[in-house]
Amino acid sequence: AADAAVASATAPGPVLRLVRPIDARELAELVGPAAAPAVEPGVPSRNGGQAAQPPAAACTASDPLACIGRCVRIYWPDDDAWYAADVASYDAEAKRHALWYHVDEETEVLDMAAEEEAGRVQWLPDVDSARWPPPPPPPPKP
């Protein structure tokens, strides 16, 4: 099966036919990082954390596009719980990020700068949940 995926990926033409699902890291290995697709809203990044991760503050403050592909936990006050999500995209006009939640595969659009300011964001080191720190305590209520 892997040979079929490699053969399809290396065949001339724009079509990439795969016999099994692969993540972005595998795709980049097959077709090169420049040809791998960008993360789209509602599609998990699952990039294995191979890209250099900028400091969390750099994401929303100075370079909101640097957040794309990062994993975060978002605190939901109504649920009193942290939920893991991938930052899927950024809308520069609205100044909002689209998040794809792991628990229910739903997408939500948030002002990440406001969420960070409220203490409701925990940046995670990569997509390997085995390496994630525990969730922090709930942020203080306003």
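The values are calculated or read from the model by the stated rules, or taken from the named source; none is laboratory data. These figures come from a predicted structure and were not determined experimentally. All Cβ positions, glycine included, derive from the backbone under ideal geometry; neighbour counts span all protein chains shown. The accessibility values were calculated without ligands, DNA or RNA, using every heavy atom of the protein model including side chains. Shrake-Rupley method; radii C 1.70, N 1.55, O 1.52, S 1.80 Å.
Structure above, values below:
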{"quantity": "Number of the exception - PRO137 against (1) part of a loop (DSSP other than H, G, I, E, B); (2) surrounded by 14 or more Cβ atoms within 10 Å (Cβ to Cβ)", "calculated": "(2)"}
{"quantity": "Residue match in region 94-101 (condition: part of a strand (DSSP E or B), open to solvent by less than 30 Å² (accessible area, probe 1.4 Å), touching a helix residue (DSSP H, G or I) at 6+ places or on another chain (Cβ under 6 Å) and in contact (Cβ under 8 Å) with a residue 40 or more places away in the chain)", "calculated": "no"}
{"quantity": "Evaluation of ASP80 against (1) crowded, with 18+ Cβ neighbours inside 10 Å; (2) at positive phi (one fails), failing number", "calculated": "(1)"}
{"quantity": "Near pairs, Cβ below 6 angstrom, 6+ apart or cross-chain, from region 65-78 (closer than 19 Å to HIS102 by Cβ) to any residue that is of a type in the set (D, E, K, R) and part of a strand (DSSP E or B)", "calculated": "CYS71/ASP86"}
{"quantity": "Qualifying residues in region 119-131 (those that are over 14 Å from the mean Cα position of the chain (by Cα) and at pLDDT below 90) - the one most open to solvent (accessible area, probe 1.4 Å)", "calculated": "ARG131"}
{"quantity": "Subset of region 102-118 [among the small types (Gly, Ala, Ser) and either open to solvent by less than 30 Å² (accessible area, probe 1.4 Å) or in a helix (DSSP H, G or I) (or both)]", "calculated": "ALA113, ALA114"}
